[in-house]
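Below is one structure; the comments refer to it alone.
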């Protein structure tokens, strides 16, 4: 029984994907941490009112709203950007995997990756 030898492309791609996931998670975590610290500096001493439920502000429901919030200097916008990046990281990984499988002409994995990508896009919409 012989093991299939990986090509240079496959080795580089695996390293690229690993780095992509690592950098994406580290960057997202850093943004959430910075936003959280800034938020606590500004609002940490406020007493919460649990008698009324306040949902997510409409400005945080779209990426454009998050961008506007950051440009206006709101700390929650930085936290939301970190969370959006955390969500986008695996989606970007699936997209790059799809391109790699197309280059390798591995039709089974192309179909599986397309199904996964469509499921991710459907769940985000």
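Read-outs: derived from the displayed coordinates by stated rules, not from any lab. Because the structure is predicted, anything quoted here is derived from the model rather than measured.
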The extension gain from residue 121 to residue 62, computed as 0.36 nm times the residue separation minus the Cα-Cα distance, is 19.8 nm
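What Kirkwood radius, in Å to one decimal, follows from the Cα pairs of region 1-52?
It works out to 15.1 Å.
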Contact order relative to length for the chain, counting C-alpha pairs under 8 Å separated by 6 or more residues, stands in percent at 29
Distance in Å, no decimals, from the C-alpha centre of region 84-118 to the one of region 1-79 is 21
The Rg/Rh figure for the chain, Cα atoms and Kirkwood Rh, to two decimals is 1.14
Helix-only [θ] at 222 nm, the chain, -39500 (n - 2.57) per DSSP H run of 4+, per residue, nearest 500, equals -26000 deg cm²/dmol
